[in-house]
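A short write-up of the structure that comes next.
The values are calculated or read from the model by the stated rules, or taken from the named source; none is laboratory data. It should be emphasised that the depicted structure is a prediction, and the values quoted were computed from it without experimental measurement. Counting neighbours? That spans all protein chains shown, and the Cβs are built from the backbone with ideal geometry, glycine included.
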Amino acid sequence: MIVTWDPKLLVGNPEIDGQHQELFRRVDQLLLALQLGSVAAEVERVMAFVGEYVHLHFRQEEALMQRTGYPDRPAHVAEHLELIRSFVALKKQLGKTGPTPEFAATLGAALVDWLKEHIATTDTALGTWLSTHPGGAPRGPG
Ligand SMILES: [Fe+2]
């Protein structure tokens, strides 16, 4: 494990927390592939595996925000877009230079640090909102 899930990053919503943990597992596989000096094609494959889940997770968070009328949705969505843009840039860099140590360092800063910061602040605020506005729960009783 290179990047480990920290329980301090729990936001209090089981759906989101579960997805964040899966995201960390995938990011860890990516960092491991880089550390092991995997060939470009393998790193690209794991990048796609991470990207797929990032999109799925962002879509679900954004749907929860919409369903519950979350007031800070525009700012939150803007942060998601920022990460998507960095991710696209990372993919381009990987295509150009291959999985160099510089690429690994950029990825660590752009992806891992961003995720931790976003979860600790922006997603935590959303988790607090969802705990008092459970309209996003899939078919709660009553
Ligand atoms: Fe988020």
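Things to note:
- Comparison of Leu64, Leu81 shows that the only residue that is within 14 Å of the ligand (Cβ to nearest atom), closer than 21 Å to Gly12 by Cβ and assigned to a helix (DSSP H, G or I) is Leu64.
- Failed condition for Ala41, given (1) more than 12 Å from the chain's Cα centre (by Cα); (2) surrounded by 19 or more Cβ atoms within 10 Å (Cβ to Cβ): (2)
- Filter pass, His76 being within 30 Å of His133 (Cα to Cα) and within 12 Å of the chain's Cα centre (by Cα): no
- Close Cβ contacts (under 6 Å, 6 or more residues apart or on different chains) running from residues in segment 69-91 that are on the phi < 0 side of the Ramachandran plot and aromatic (Phe, Trp, Tyr) to residues that are within 14 Å of the ligand (Cβ to nearest atom) and modelled with pLDDT of 95 or more comprise Tyr70/Trp129.
- Ala48 over 18 Å from Gly127 (Cβ atoms), surrounded by fewer than 13 Cβ atoms within 10 Å (Cβ to Cβ) and more than 12 Å from the ligand (Cβ to nearest atom): yes
- Residue tally, condition in a helix (DSSP H, G or I) and farther than 16 Å from Thr106 by Cα, over segment 27-39: 1
- For segment 10-32, the set of residues classified as farther than 12 Å from Tyr53 by Cβ and touching a helix residue (DSSP H, G or I) at 6+ places or on another chain (Cβ under 9 Å) consists of Leu10, Val11, Gly12, Asn13, Glu15, Ile16, Asp17, Leu31, Leu32, listed by residue number.
- For segment 16-38, the set of residues classified as surrounded by 15 or more Cβ atoms within 10 Å (Cβ to Cβ), within 16 Å of the ligand (Cβ to nearest atom) and of a type in the set (Asp, Glu) consists of Asp17 only.
- Any chance Ser131 is within 16 Å of the ligand (Cβ to nearest atom) and either surrounded by 13 or more Cβ atoms within 10 Å (Cβ to Cβ) or closer than 17 Å to Glu42 by Cβ (or both): no
- Residues that are charged (D, E, K, R) and under 12 Å from the mean Cα position of the chain (by Cα) within segment 44-73 comprise Glu52, Arg59, Glu61, listed in sequence order.
- Exactly one residue out of Glu117, Glu102 is away from the ligand (no atom under 12 Å from the Cβ), free of Cβ contacts under 8 Å to residues at least 12 places away in the same chain and either of a type outside the set (A, V, I, L, M) or surrounded by fewer than 17 Cβ atoms within 10 Å (Cβ to Cβ) (or both), and it is Glu102.
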